[in-house]
Structure formats: structure tokens, C-alpha cells
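The values are calculated or read from the model by the stated rules, or taken from the named source; none is laboratory data. The structure displayed is predicted, hence computed values, not measured ones. No Cβ is skipped: glycine too gets one built from the backbone with ideal geometry, and neighbour counts run over all protein chains shown. We work out accessible area using only protein heavy atoms, side chains counted, and drop any ligands, DNA or RNA first. Shrake-Rupley method; radii C 1.70, N 1.55, O 1.52, S 1.80 Å.
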Amino acid sequence: MTEARQSVLILDFGSQVTQLIARRVREVGVYCEIVPFDGAKQAIAALDPGAIILSGGPASVTAGTAPSAPEEVFALGVPVLGICYGQQTMVAQLGGRVEGAEHREFGRAFIEIEAMVPLFEGVWAMGAREQVWMSHGDRVIEIPDGFQVIARSDGAPYAAIADVKRNFYGLQFHPEVIHTPDGAKLIANFLFRIAGLAGDWTMSAYRERAVAAIRDQVGDKRVICGVSGGVDSSVAAVLIHEAIGDQLTGVFVDTGLLRAGEAEQVLALFRGNYNIPLIHHDAAELFLGRLAGISDPEEKRKIIGATFIDVFESEAKKAGGAEFLAQGTLYPDVIESASVAGGPSATIKSHHNVGGLPERMKMGLVEPLRELFKDEVRALGRELGLPDSMVGRHPFPGPGLAIRVPGEITVEKLEILRKADAIYLDEIRGAGLYDVIWQAFAVLLPVRTVGVMGDQRSYEFALALRAVTSADGMTADYYPFDHEFLGRVANRIINEVRGVNRVVYDITSKPPGTIEWE
């Protein structure tokens, strides 16, 4: 393997779990990028990958308009791993056959190991019966020349196939999900035993490369960076400041939609700890004025995004004519904005400016985190020396409390929510659970309930509490608080927050997608 070919290209055919493939690859120190299948030619030329992975997807190979991989993928001379639909299109393109299956497989399944190949070495034994996760309607019925069956299941006679000579492997199951217990080990085998990659991609190396890239892009120009107090914008600001120093000006916009104590924490971090020039713009009146009377969640998001642009446009002029705007765009934002049209992952985060700013701003974008996942941003923050209290903060989306007040937003509702949310997080920290939980927050429901408090009847809001665990921010399950904890939190909120007379706990699990409430 040459030094240049140390990365992996993942072709996205629209699977809702494509990002999990990238997570598994990066977890073992290999850099990878995801591109839609129809952008493969350009990506191959730009990345010069040492291996290629074809993702799953919702299409059927048997349809006349089914997406396929460009022929360059199989002519490049690097190992290729096809997963689910990726296996099927590989088979169809190389001379095999796929058909709609009478016996579909969705969920847990078991495969029988038919042959030992490098993909299975050290993981599975010949003749073993292993658990995997299936999600397919079509199935392979004839494999191309040069391939052999290496595993089968009741519903898929070609559950895993291999052309060992060309290093082409196809899996009908999904190794990237945790429901295939040994799936991560199989992906590691593909990367190291088969592709011969070094696995030496580190956050220290990323930091050096990012600093150099920022300097190269910006030169002697000025940059303004929006900081919100969240992990992403904080890490982006500190990284850019390391690269260009006082050419960076931070802009902290108080939208009126922040959590309790947020403004004070941001000012202390940037002015006190890092001495980064920071403009504090109190725009609460502007944001709340534009949001007045608006109930639709998507309209609220767009208003917030547009208002941010207006504020930054104004501040850019005050900051000595900054020519670049920096923001903490992450890799999932980029992927979702460029995902397969019509695929389950094609969801653009409408409060972000992924893909560019309005032309009237005439500013370039600096997005030093756009290649990183959330946990990688936290690792970079630690590499940069940010305090754990900042790096370990729960995610707080750009729209802030706006998406935790379903319906019309008012100052009264925001104050109620802030107080209740602060109590909830205080109890979570007191119980030693903050770092165990991926995200926790309160939601002020758009309903009032009748209750009796003391000797009086009350007519006040109901409040929902949510806490989820997640390994990657894509899927989540509720955290199983004990009743004593929930009772203590509810009692404090009802006693200390005027305007709430009922507290409920949301135990909904989330499939791949947003963790936010709306």
C-alpha cells in the first residue's frame, strides 16, 4: 500500500446507516469520506482511495433505473466491499444475477460460515453459526465468475461472497450496525488484512493539517466566527485562533433562545481563557420579534437561520471588513446535504448554511470541522486543551430552545423552560449521570393541564423530560432513570418553577436521524 492510498471512499446508495460505516472505519484510525454514488468518479480522482465500500440503499437492482457504481470502482485495482445493496449492484455489474426474494429478511438472522477467507480470519471459524443483521428484499441468485460463497443464511444462499484474487467482497448483511456483534471486526479485517491500510489517522495529525489548511485558505484576511457556547463552534473558534491568531474575531449572538447561564459561560471561556477577540451581540429582541406568532417548526428554523445571516452580515462590516465567515459545520451536516436524492438520509438541516452563504454576503466559508463526526470534534477539543466542562457538553442545536417550545414562542415560555431545564440538568449532574447520557433536555409542551396545588386549582403547562444514550448521535434510546430520580426532578420543577403543574418523561427510542424534539 503506497503512502498516498491510506484513505477509504464510501459510495452512498441512500442507506439510512451509511454514516455508521464511516464511524466504524474512523474508529480504527483510517480516514474515509462518503460521497453519493453518482459523484464517485470525481471522488476517486480527488481522494485516490486505498479501498472502496459500497453502502446499502432502498433501491432494487432489478429496476431499470437502479443506481450503480461506475466501472472505475472495479478497475481501480483496490479492494471493494459491497454491503447489502452494495453487494447486489456489485454482483449485477460483474455478471451475476439478483432477483426479488420471496423470503425477505429484516432484523436478526444467522449465517453459516462456508469458507475461510481473510475477511473472517480471527473473527469467525469454519462451520460456525453467527448472528448478523439483515435488511433486504432482493437477493443474489447467481454470483459472477471468480466469486465463491463464504457464508449463507436461510433467506440468502449468498449471504457473503468473495473474489479473493481481486479482493472483492460482498455481504448481504450489515456489519456496520451493533446488531451484527462482530461486524466492526469484519470491517477492520477488510481495512487491515485485505486493504493493508496503516490505520495511523490521528487527531493530532488532523489538527496539524487543519491549521495548515486554514492558513492557506485565509492568508492575511480577517475571519469572523459565530460562537454559541456549544462544542462545535467553540472547537472551531479555538482551532482557527491557533492558526491565524488575532485575524479571528468571535461573534457571540445572544438569540434569546439560549439555556440558563449560557451567555456568561461563553464570555468567560473566550475572553478569559483564550483571549480571543469577541463581539457580544444581544439580538434577543430581534430574534423573538421575528419569531412572534410563528408555530411551524420548519418556519421557525428558517427564520433563525436567516436572522443569523443578517446579524453576521452586520457584524462583518463592524469587524474591519472580514472576508471569511467560520462555522462549526460537521461531517453529518455535509453528508445529509449531499445525500442521495430521495434516500432516507436526504435531510438538510435548514438552520445551517451547508453548501454556501447567500451571494449578497460576498464572504468565503471556513469550516474546519466539516470532515469530523461529533465524537471526533470532542477529541479535537481535548487535543486543543479545551476544558472537559466544554468538550463534554451535551449537544445543543442551532435553533436552541426554539425547538423545545413546540408552537408559538414567547418570553414567558422561554423563562419557564430555562428554569425547568436548569433544574433537570442540575439533578442529572448531582446523580453523576451527565457523562453517561448523550443528551438531556426539557420540552415545554403546547398544552395546559388542570391540577390542584395546595388549596387552589391551577391551569398551567405540562413539561416533558428527555434523556437519551447514543454512541454516534444517529440512533438513540431513552435513559432508564429510576422512579426515585424522576420523582425528585418532577417535585423540584413543580415547586420551583411557576407555570408548570405536570411533568412527564419521554421514553421514545429514536431510529437513525435527528435526536431533536421537533
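Worth pointing out:
- Residue, surrounded by the fewest Cβ atoms within 10 Å (Cβ to Cβ), within the stretch 401-422, restricted to residues that are among the hydrophobic types (A, V, I, L, M, F, W, C) and within 18 Å of residue 289 (Cα to Cα): 411
- Unmet criterion (only one of (1) open to solvent by 20 Å² or more (accessible area, probe 1.4 Å); (2) farther than 20 Å from residue 8 by Cβ) for residue 134: (1)
- Filter result for residue 39 (at pLDDT below 95, open to solvent by less than 30 Å² (accessible area, probe 1.4 Å) and small (Gly, Ala, Ser)): yes
- Against the numbered list (1) surrounded by fewer than 20 Cβ atoms within 10 Å (Cβ to Cβ); (2) at pLDDT 95 or above, residue 175 comes up short only at (1).
- Of the residues making up the stretch 459-467, at least one is assigned to a strand (DSSP E or B), within 29 Å of residue 329 (Cβ to Cβ) and open to solvent by less than 10 Å² (accessible area, probe 1.4 Å).
- Unique match (being closer than 20 Å to residue 332 by Cβ, small (Gly, Ala, Ser) and touching a residue at least 24 places away in the same chain (Cβ under 8 Å)) among 51, 43, 59: 43
- Scan of the stretch 426-448 for residues that are open to solvent by 20 Å² or more (accessible area, probe 1.4 Å) and either farther than 16 Å from residue 462 by Cα or touching a His at 6+ places or on another chain (Cβ under 6 Å) (or both), ordered by number: 426, 427, 429, 430, 431, 432, 433, 434, 435, 436, 438
- Residues within the stretch 54-98 that are among the small types (Gly, Ala, Ser), in a loop (DSSP other than H, G, I, E, B), out of contact with any Cys (no Cβ under 7 Å at 6 or more places or on another chain) and farther than 15 Å from residue 167 by Cβ, tallied: 11
- Boolean, residue 169 is open to solvent by 50 Å² or more (accessible area, probe 1.4 Å) and among the hydroxyl-bearing types (Ser, Thr, Tyr): no
- Residues (part of a loop (DSSP other than H, G, I, E, B) and surrounded by 13 or more Cβ atoms within 10 Å (Cβ to Cβ)) located in the stretch 296-325: 319, 322, 323
- Qualifying residue in the stretch 380-394 (condition: of a type outside the set (A, V, I, L, M, F, W, C), outside any loop (DSSP other than H, G, I, E, B), open to solvent by less than 60 Å² (accessible area, probe 1.4 Å) and within 30 Å of residue 35 (Cβ to Cβ)): yes
- From the list 371, 376, 367, the lone residue that is of a type in the set (Asp, Glu), open to solvent by less than 20 Å² (accessible area, probe 1.4 Å) and under 19 Å from the mean Cα position of the chain (by Cα) is 376.
- Total residues in the stretch 48-104, condition within 14 Å of residue 144 (Cβ to Cβ) and of a type in the set (Lys, Arg): 1
- Boolean, residue 293 is part of a helix (DSSP H, G or I), among the small types (Gly, Ala, Ser) and open to solvent by 20 Å² or more (accessible area, probe 1.4 Å): no
- Any hit, the stretch 199-220, residues being free of Cβ contacts under 8 Å to residues at least 12 places away in the same chain, open to solvent by less than 60 Å² (accessible area, probe 1.4 Å) and on the phi > 0 side of the Ramachandran plot: yes
Table: residues versus (1) at pLDDT 95 or above; (2) surrounded by 18 or more Cβ atoms within 10 Å (Cβ to Cβ); (3) more than 17 Å from residue 429 (Cβ to Cβ).
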site	(1), (2), (3)
451	no, no, yes
455	no, no, yes
471	no, no, yes
477	no, no, yes
492	yes, no, no
501	no, yes, yes
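- If the condition is being at negative phi and either in contact with a strand residue (DSSP E or B) (Cβ under 9 Å, 6 or more places away or on another chain) or open to solvent by less than 10 Å² (accessible area, probe 1.4 Å) (or both), then the stretch 223-237 contributes 223, 224, 225, 226, 227, 228, 231, 233, 234, 235, 236, 237.
- Residues in the stretch 70-96 that are of a type in the set (Gly, Ala, Ser) and loosely packed, with under 14 Cβ neighbours inside 10 Å were compared, and the one that is farthest from the chain's Cα centre (by Cα) is 95.
- Which listed residue is free of Cβ contacts under 8 Å to residues at least 60 places away in the same chain, in contact with a Lys or Arg (Cβ under 8 Å, 6 or more places away or on another chain) and of a type outside the set (Asp, Glu), from 294, 244, 276: 244
- Residue in the stretch 97-124 that is most open to solvent (accessible area, probe 1.4 Å), counting only those that are at pLDDT 95 or above and in contact with a Phe, Trp or Tyr (Cβ under 9 Å, 6 or more places away or on another chain): 116
- Looking across 21, 53, 44, one residue alone is in contact with a helix residue (DSSP H, G or I) (Cβ under 7 Å, 6 or more places away or on another chain), surrounded by 20 or more Cβ atoms within 10 Å (Cβ to Cβ) and either of a type in the set (A, V, I, L, M) or farther than 20 Å from residue 186 by Cβ (or both). It is 53.
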